[in-house]
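Okay, so here's the structure we're looking at.
The values are calculated or read from the model by the stated rules, or taken from the named source; none is laboratory data. From a predicted model like this one, the values you see are computed outputs, not experimental measurements. Cβ coordinates were reconstructed from backbone atoms using ideal geometry, including for glycine residues, and neighbour counts include every protein chain displayed.
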Amino acid sequence: MPYTFHTDDDRRAMLDLLGLKSEDELVQVIPEKYRLRGLLPIERGRTEPEVLRMLSRLANRNAPSTQLTSFLGGGIYEHTVPSAVKNITSRPEFSTAYTPYQPEASQGTLQVIFEFQTHISRLTRLPVANASMYDGASALAEACLMAAKITKREVVLVPYALNPRYLRVVRSYVSGQKIELKTIPTTDSGDIDATALHRELNDRTAAVVVQTPNYFGVLERPWEFEKEVHAAGALVVASTDPVSLSLLRPPGEYGADIAVGECQPLGNEMSYGGPLVGFMACKQEFIRQMPGRLVSATKDVDGRDAFVLTLQTREQHIRREKATSNICTNQGLLATRATVYMSLLGEHGFTELGRICAERAHKLAGMIAALDGYSLRYRAPFFREFVVACPTDADSVVETARKHGMLAGIPLARYFGASARNLLLVTATDRHSDDDFKALCDALKRASLVKVG
Amino acid sequence: MSAKDFSQTIYGKSRRGRHGYHISSRPTEAPRDIPREYLREGRIGLPEVAELQVLRHYVDLSTKNHHVEKDLFPLGSCTMKYNPKVNEEVAAMPGFAGLHPEQSDDDAQGALAVMHALEQALVAVSGMDAVSAQPAAGAQGEMLGLLLARAYFADRKESRHKVLVPDTAHGTNPATASIVGFETKTFASGKDGRVDLDTLRAALDDDVAVLMLTVPNTLGLFEPHIGEIVDLVHQRGGLCYMDGANMNALMGQARPGDFGFDMMHFNLHKTFSTPHGGGGPGSGPVAVRAHLEPFLPTPRVVEKDGKYRLDYQRPKSVGALHSFFGNFGIYLRAYTYITRLGADGIRRASSTAILNANYLAKRVAPAYPVPYGERCMHEFVATGEPLKKHGVKTLDVAKRLLDFGFYAPTIYFPLVVPEALMVEPTETEGRETLDRFADAMLQIAREAAETPDVLLSAPTKTPVRRVDEASANRTPVITVPMD
Ligand SMILES: Cc1ncc(COP(=O)(O)O)c(C=O)c1O
């Protein structure tokens, strides 16, 4: 069997010490009637080359977006991942360590988390950030639970243009508690309907969720309603894309109490949508209600700078049923990648990334809007993602493009029903060249000629 | 906190105007198409460091970690086994790593086949009827379990409010119960560290929705009356959830489905060799019996005539816990491990894990008694109580172990053992390593008697010595302050 050390002599000697004749005797603590006699109905073990052959065959049955020309987004984005980032986090010192419960032997992981917290804090302009959440969706769900606990209120207002996959998770997370979700409609410009928000806000409102850019790529103007939300005693929960914060006003500056988001785009693989990594940041006054792990700078007994897990009394292993959350294992290694990625790009590279994404997306949007029959669904400003209104149904556009090796985007009918039949969500990033844009436009042109029956 | 200059952080190494990594070969301009009102002003405040500096910084940090490839990581309940390299090679294959989750099922047939095959393998290991791999970690698996229970009872027009856990339960069990809106009721373990049937009977009533039980329990003990325990709960109309964090003891030996459990979670990052990553990512698939299957989260991966698709049409489903399909990259690693070991290797792995734990327990017991029982399964809980007379605590033993180049066991858990040291060596350690560790433990016990200061001032060989947690708790410093 692979991955064990013991020789027959080792096993013999160990059994001797235990006064046993066979290893079977050790399993006899399991009552006879439950002990499996034969082997599980799983095939027998294989050699490494056999396993690799089998799995590369399976890998080859996929057509990964990285090998096509992809304009998919919807919360998961393909950006350049620098070699240095991949290399650092493949080190076993990071990948095979555990949660840093013994700080003296875990300073590497602890300091990385501290730097992650700092990066996130600077991006969001909120003073507190935690060590990571499972993904952007559960981070938002936990933020809603946190807001309900802080305000002792039970209604959370969510925008219609919220990522529908986040909404599903938020719904499941709050379903066990007496929390009600209410949808705030979207205006014809694609952003939150402030009049409807005004109507729904009352003394039962725990939080108003604002996602910006929202699922349609549209940028919201939370600063226009933030004061009203706070005046009603509710919290502002911002769900945002960290890459967009390279250019856009940060949540802390428009009064968000809690900010959450997905850090996959920060140097992590798409990997069919998992593992992902969420972040959560908040105002100082809410630090003790925050879920998840937090690292603090401190000193050791010799006065040396050191790092340590802190405020653990919020967490499940100490506080049990009174914990702020049940999260234990989080997404450490992906947060590590995000940390190295942000450090490596730095102030300059990260700003550059945002600028390129915005420039690319606007160029593509302009090219598509100039095509016969195609237009942009919303006039509102966007960052690197936008909704295209197609002359035919978006599914058939996607199908035509796919025949030419392209993933044109996400048909919105997938999530928003038949009225969104012609709408296509398109993303551009630093990965796209002008040739890619031309190719997409050619495919779109062809698709508009396809007769749908 | 006293002055801290943060010069050793990446921020301390930053110099204005230094560039790390360029995305573009051309100079970029501020966006023209986004109105000013939306744009951030001034600097973000990220560091400015060169690529080699970044590498040196993080390579240096990495050397300050203990990790599995350095030496034994005997952390109980965490199954810190070897994380095979081939797993990483598979997860990095471009055909998998480069898939976008919004691609069509046709484009993802290989990925869906792996998801399906993994779920089927876990069905086999659990002896249950269906598996959803979606939860991102064990705790989220528990959450799914309790959401399933809630949906199941709602479907039967029953309303039950309580979750029962023994006092040996992991913290995530009661914490999860609260999140899902259940009230936790904790009951005392029996004198033998196991569930006492009379105590359980007394704790049970018609308001109990779920009993959550870790098997083997967090003392490393199998519950000999597991069948009766499950029956008692079922007789009162409740469901039984098995916390499967300790499946490394059971896989290939016995199946939770045969014990009568209704549902359970796996921790792929423990039992199935996927790396812990300094705190994740993990993966917490949930296995259920047929009566709970209709409530599983969507999408479900289904197979027909060799073709796979994602199915969202499950009207009774509890919804979703993850943005997409869970931690797919972890499925790849776990599935690689399962195919590599096979049914024979899986059985051999668990029996070796049990052998290693019993051997180690026997070797350290002269100095650190194991209060509950002769025979453990894959882990054991010893006590540092005898050392207290020398003014030495379990914490000091843990810190001293770091000086020997080992990580420390899980300490002060489970709560029922005073001065607990919970040790899980796993099957991927050899006898020499176990002996070295046992020798270190015994030497530390001698030091406790002869030179207790050595323990009280340990560790001295780690990158930093004992750190001040108290002041961090009083005034946490969570970030490098902006200048
Ligand atoms: C017994 C037990 N249950 C549950 C968990 C929670 O699992 P996770 O950390 O994957 O959320 C753990 C992990 O530490 C555990 O040891």
What number of residues within segment B:76-87 are within 17 Å of A:TYR98 (Cα to Cα), at the interface with chain A (Cβ under 7 Å from one of its Cβ atoms) and either small (Gly, Ala, Ser) or outside any loop (DSSP other than H, G, I, E, B) (or both)? 0
Flag for B:LEU200 being within 16 Å of the ligand (Cβ to nearest atom), of a type in the set (A, V, I, L, M, F, W, C) and over 20 Å from the mean Cα position of the chain (by Cα): no
Is it true that some residue in segment B:284-296 is within 16 Å of the ligand (Cβ to nearest atom) and either hydroxyl-bearing (Ser, Thr, Tyr) or out of contact with any helix residue (DSSP H, G or I) (no Cβ under 6 Å at 6 or more places or on another chain) (or both)? no
Flag for B:MET263 being in contact with a Cys (Cβ under 9 Å, 6 or more places away or on another chain), closer than 15 Å to B:VAL131 by Cα and within 16 Å of the ligand (Cβ to nearest atom): yes
Residue list for segment A:90-101, filter: buried (at least 24 other Cβ atoms within 10 Å of the Cβ) and either acidic (Asp, Glu) or touching a Leu at 6+ places or on another chain (Cβ under 7 Å) (or both): A:PHE94, A:TYR98, A:PRO100
Spot the failing condition for A:ALA361; the list is (1) hydrophobic (A, V, I, L, M, F, W, C); (2) more than 16 Å from the ligand (Cβ to nearest atom); (3) at the interface with chain B (Cβ under 7 Å from one of its Cβ atoms); (4) more than 30 Å from B:VAL59 (Cα to Cα), and only one is missed. (3)
Could you identify the single residue in B:LEU146, B:LEU112, B:LEU122 that is within 16 Å of the ligand (Cβ to nearest atom) and either without any contact (Cβ under 8 Å) to a residue 40 or more places away in the chain or touching a strand residue (DSSP E or B) at 6+ places or on another chain (Cβ under 6 Å) (or both)? B:LEU122
Only one of B:GLN134, B:GLN140 is touching a residue at least 12 places away in the same chain (Cβ under 8 Å), more than 7 Å from every other protein chain (Cβ to nearest Cβ), crowded, with 24+ Cβ neighbours inside 10 Å and within 16 Å of the ligand (Cβ to nearest atom), namely B:GLN134
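In this structure, does A:THR109 turn out to be within 7 Å of chain B (Cβ to nearest Cβ), part of a helix (DSSP H, G or I) and over 24 Å from A:LEU353 (Cα atoms)?
yes
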Within segment B:415-429, which residues are farther than 14 Å from B:ALA357 by Cα and away from every other protein chain (no Cβ under 11 Å)? B:VAL416, B:VAL417, B:PRO418, B:GLU419, B:ALA420
Before we move on, is A:ILE30 more than 29 Å from the chain's Cα centre (by Cα) and of a type in the set (Val, Ile, Thr)? yes
Tell me, which residue of segment B:222-244 that is of a type in the set (D, E, K, R), more than 16 Å from the ligand (Cβ to nearest atom) and not in a loop (DSSP other than H, G, I, E, B) is farthest from the other protein chains (Cβ to nearest Cβ)? B:ASP231
Go through (1) in contact with a strand residue (DSSP E or B) (Cβ under 8 Å, 6 or more places away or on another chain); (2) more than 9 Å from every other protein chain (Cβ to nearest Cβ); (3) outside any loop (DSSP other than H, G, I, E, B); (4) of a type outside the set (A, V, I, L, M, F, W, C) for A:TYR166 and report which single condition fails. (2)
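Out of all the residues in segment B:188-197, is one or more of a type in the set (D, E, K, R), away from the ligand (no atom under 16 Å from the Cβ), within 11 Å of another protein chain (Cβ to nearest Cβ) and without any contact (Cβ under 8 Å) to a residue 60 or more places away in the chain?
No, that holds for no residue.
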Residue selected from segment B:430-460 under the condition facing chain A (nearest Cβ under 9 Å) and charged (D, E, K, R), by the criterion nearest to A:TYR3 (Cα to Cα): B:ARG431
Failed item, numbered, when B:VAL467 is tested on (1) more than 17 Å from A:ALA105 (Cβ to Cβ); (2) facing another protein chain (nearest Cβ under 8 Å); (3) surrounded by 18 or more Cβ atoms within 10 Å (Cβ to Cβ): (1)
Do we have A:GLU115 as under 19 Å from B:VAL467 (Cα atoms) and either buried (at least 23 other Cβ atoms within 10 Å of the Cβ) or within 21 Å of the chain's Cα centre (by Cα) (or both) here? yes
Return yes or no: is B:GLU374 part of a helix (DSSP H, G or I) and surrounded by fewer than 23 Cβ atoms within 10 Å (Cβ to Cβ)? no
Only one residue in B:ALA448, B:ALA458, B:ALA472 is of a type outside the set (Ser, Thr, Tyr), under 29 Å from A:MET290 (Cβ atoms) and surrounded by 23 or more Cβ atoms within 10 Å (Cβ to Cβ). Which one? B:ALA472
Search result, residues across segment A:1-18 that are part of a helix (DSSP H, G or I) and without any contact (Cβ under 8 Å) to a residue 12 or more places away in the chain: A:ASP8, A:ASP9, A:ASP10, A:ARG12, A:ALA13, A:MET14, A:LEU15, A:ASP16, A:LEU17, A:LEU18
Hey, can you tell me all the residues within segment B:161-179 that are polar (S, T, N, Q) and either outside the structural domain of B:THR199 (by TED's automatic domain parsing) or more than 10 Å from the ligand (Cβ to nearest atom) (or both)? B:SER178
Please go through segment A:19-59 and pick out each residue that is more than 7 Å from chain B (Cβ to nearest Cβ) and in a helix (DSSP H, G or I). A:ASP24, A:GLU25, A:GLU32, A:LYS33, A:PRO49, A:GLU50, A:ARG53, A:ARG57
Looking for whichever is part of a helix (DSSP H, G or I) and not acidic (Asp, Glu) here; the options are A:SER239, A:SER172. Which one fits? A:SER172
So, first residue touching a residue at least 24 places away in the same chain (Cβ under 8 Å) and within 7 Å of chain A (Cβ to nearest Cβ) in segment B:272-283, second residue polar (S, T, N, Q) and more than 9 Å from the ligand (Cβ to nearest atom), Cβ within less than 6 Å, six or more apart or across chains; the pairs are B:PRO275/A:SER95; B:PRO275/A:THR96; B:PRO275/B:ASN83; B:GLY278/A:THR109; B:GLY280/A:GLN331; B:PRO281/A:GLN331; B:PRO281/B:ASN327
Test of understanding: among B:VAL90, B:VAL59, which residue is at pLDDT 95 or above, surrounded by 24 or more Cβ atoms within 10 Å (Cβ to Cβ) and not basic (Lys, Arg)? B:VAL90
Mind listing whichever residues of segment A:298-351 are among the acidic types (Asp, Glu) and more than 14 Å from the ligand (Cβ to nearest atom)? A:ASP300, A:ASP302, A:ASP305, A:GLU321, A:GLU347
